[in-house]
Amino acid sequence: MPKIVVLDYGSSNLRSVTKALETVAESKHEVIVSDDPKIILGADKIVFPGQGAIGQCMKNLREKNLDDIIRECINNKPFLGICLGLQSLMDYSDEDGGVKGLGLIPGSVIRFEENIKDHDNNKFKIPSMGWNEVFQTKKHPLWRGIDDGSRFYFVHSYYVKIENNANIAGSTDYICRYTSAACRDNIFATQFHPEKSQQAGLTLLKNFIEWNGDN
Amino acid sequence: MGLAKRIIPCLDIDNGRVVKGVKFLNIRDAGDPVEIAKRYDAQGADEIAFLDITASSDNRDTLVEVVEKVASQVFIPLTVGGGIRKLSDIKRMLKAGADKVSINTAAVNNPNFVREASKKFGSQCIVVAIDAKRSSIKNNKICWEVFTHGGRNNTNIDTITWAKRMANFGAGEILLTSMDKDGTKDGFDIELTKNVSEAVNIPVIASGGVGKLDHLVDGIILGKASAVLAASIFHFGEYTIVDAKKILRERNIEVRI
């Protein structure tokens with residue numbers, strides 16, 4: 001049975017993503033949560049969900065040598081990053097006083113600008129928490145069956161600024177227009193949480209499970 | 001277009017069962033939380049909140065089981081509150097599949113708990129619940145004081161000051177309940193909601209007092225809340241989440257349909 005490994009970098013909340021993957025895998029794929037390099041390198045697909053602060057996330061990755069493992073398997077396996085799993089692919093993040101990322105997609109992570117008002121003259125809240133529209137800026141196998149502009153669940157105070165347009169798969173408006181889905185070869189990564197985004201999210205996860213990494 | 005305002009049905013859980021309207025009607029008609037959560041999910045609820053009102057802490061394990069079951073079948077954000085006192089309580093709930101925990105009394109007893117929790121688990125999963133009650137008028141301004149222990153203890157802390165402090169300590173969201181309005185079906189305490197929403201930069205969930213769907217509109221437009229929470233109007237089948245979203249949309253409020 002094909003193996004999907006959910007990277008366990010020391011965050012507590014992996015159950016949601018694991019359960020969502022199991023639901024769409026319908027027992028045709030095995031979903032394993034692991035931080036064991038051997039298991040990760042032996043996986044068919046990798047899911048890297050991230051939550052919390054990026055400083056702690058990168059520290060945990062390095063302590064477990066998972067940063068090198070990610071670099072090794074990212075060249076040949078379909079890879080899905082979620083939330084911090086997107087942000088940590090960038091070169092650099094402003095969060096936590098400045099943190100070096102994995103540098104796998106050229107770009108950086110910056111904080112939403114504070115004290116910006118919406119058209120009703122109310123300040124935009126930070127974090128951006130809730131359901132927002134994702135506009136598909138590029139055709140991609142992971143968007144199959146998902147309407148352009150579908151809403152996904154977000155919770156974040158930082159967003160990614162991608163250098164090359166070719167790496168932008170989706171964008172969303174909040175305070176500014178920013179990249180909410182990025183891609184590169186066999187990598188796809190989202191700022192939103194597909195595992196918490198009901199039908200649209202489950203469809204995206206199912207597309208990932210069926211994806212061979214081609215574009 | 002952009003971020004949608006959220007509608008959050010809240011389930012009061014006692015010994016692993018949903019109890020309806022305990023606060024104001026003495027009906028303890030239990031329901032299965034998994035079935036009810038699935039129904040709200042199907043209707044388009046944006047999140048679901050669980051409030052554990054189990055008296056004995058020995059029975060809290062039942063809530064963990066409820067969260068596990070719901071999280072295996074419902075793929076929208078779940079918030080769990082009631083009896084969250086230690087970092088290990090948070091870890092247990094997140095492991096069970098909760099996305100956020102709400103902290104009330106424990107935050108008042110030890111504000112640093114909120115700081116530690118948001119540092120360890122991230123602000124995105126730390127909701128500070130505030131039970132506020134109108135107290136007096138100081139300098140021609142209304143004051144609301146923070147209550148704990150389900151509204152029994154007055155802490156004499158000013159609600160606005162407290163909300164700001166909790167935001168600074170790393171809370172990702174404020175769940176604001178008006179003790180004066182809770183159970184009245186008269187609508188939210190709009191002044192309270194507006195004052196807190198404007199004082200903090202993090203999202204505020206309005207709670208307490210919803211009796212009809214227009215109240216949800218008022219909480220968002222007049223109270224400036226990012227989300228509205230209600231229990232009884234949905235539990236008793238008076239209205240569905242679909243009805244609520246329809247009204248919000250008619251009033252030009254952005255919702256997820």
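Please treat every number below as a calculation from the coordinates, not as lab data. All values reported here derive from a predicted model rather than from experimental measurement. Every residue, glycine as well, gets a Cβ built from its backbone with ideal geometry; the counts of neighbours run over all protein chains shown.
Fewest neighbouring Cβ atoms within 10 Å first, the residues A:TYR159, A:TYR92 line up as A:TYR92, A:TYR159.
Averaged over the residues of B:115-128, the number of partner chain Cβ atoms lying within 10 Å of the residue Cβ comes to 4. Computed about the Cα centre, the dipole magnitude for region B:27-150 is approximately 640 debye when only Lys and Arg (+1) and Asp and Glu (-1) carry charge, each at its Cβ.
Using a simple spin-label model with pseudo-atoms 7 Å out from Cα toward Cβ, B:ILE221 and A:ASP185 lie 5.4 nm apart.
Here chain B carries DSSP beta bridges of which approximately 30% are antiparallel, counting only pairs with both residues inside.
Its Cα centre serving as origin, region B:71-110 has a Cβ charge dipole (Lys and Arg +1, Asp and Glu -1) of approximately 160 debye.
For the pair B:CYS143 and B:ASN110, label points projected 7 Å from Cα toward Cβ lie 2.9 nm apart.
Counting every other Cβ atom within 10 Å of each residue's Cβ, A:THR172, B:THR184 order from fewest to most as B:THR184, A:THR172. Working from Cα pairs under 8 Å separated by at least six residues, relative contact order for chain B is 18 percent. Checked against a 27 Å cut-off, the cross-linked pairs B:LYS119/B:LYS181; A:LYS138/B:LYS119; A:LYS196/B:LYS245; A:LYS100/B:LYS164; A:LYS125/A:LYS206; A:LYS64/B:LYS69 give Cα-Cα distances beyond that limit for B:LYS119/B:LYS181; A:LYS138/B:LYS119; A:LYS100/B:LYS164; A:LYS125/A:LYS206; A:LYS64/B:LYS69. Since only B:ALA129, B:GLY208, B:ASN110 are under comparison, the one whose Cα sits farthest along the positive direction of the charge dipole of region B:108-257, derived from C-beta charges on Lys, Arg, Asp and Glu, is B:ASN110.
For the pair A:LYS3 and A:ARG177, the difference between a 0.36 nm per residue extended length and the Cα-Cα distance amounts to 59.1 nm. Taking a label point 7 Å from the Cα of B:ASN15 along the Cα→Cβ vector, which residues of region B:33-49 have an amide N closer than 18 Å to it? Correct set: B:33-34. Remark: mean inter-chain Cβ contacts per residue of B:196-203 equal 3, using a 10 Å Cβ-Cβ cutoff to other protein chain atoms. Restricting attention to region A:3-210, close to 60% of DSSP beta bridges with both partner residues there are antiparallel. Using the alpha-carbon positions of region A:92-193, Rg (one decimal) and Dmax (whole number) come out as 14.0, 42 Å. Only the Cβ atoms of Lys and Arg (+1) and of Asp and Glu (-1) were treated as charged; on that basis the dipole of region A:3-210 about its Cα centre amounts to roughly 200 debye. A Förster distance of 51 Å, applied to the separation of the beta-carbon atoms of B:ARG152 and A:ARG62, puts the FRET efficiency at 0.60. With the highest mean first, a sort of the peptides B:79-85, A:186-192, A:163-169, A:199-205 on other beta-carbon atoms found within 10 angstrom per residue produces A:186-192, B:79-85, A:199-205, A:163-169. Once you divide the Cα radius of gyration of region A:39-134 by 2.2 N^0.38 Å, the number left is 1.27. For the segment B:67-76, counting C-beta atoms of other chains within 10 Å of every residue's C-beta and taking the mean gives 5. Determine, at each q value in 0.06, 0.07, 0.09 (inverse angstroms), the log₁₀ of I(q)/I(0) that the Debye formula gives when each Cα of the protein assembly as shown is one equal point scatterer. Computed log10 I(q)/I(0) values: -0.25, -0.34, -0.56. Multiplying each eigenvalue of the alpha-carbon gyration tensor of region A:3-210 by 5 and taking the square root yields semi-axes of 26, 20, 15 Å, largest first, rounded to whole angstroms. A simple spin-label model places the labels of B:LYS185 and A:ILE116 4.3 nm from each other, with each point 7 Å out along Cα-to-Cβ.
Here, chain B is characterised by an Rg to Rh ratio of 0.93, where Rg is the alpha-carbon radius of gyration and Rh the Kirkwood radius.
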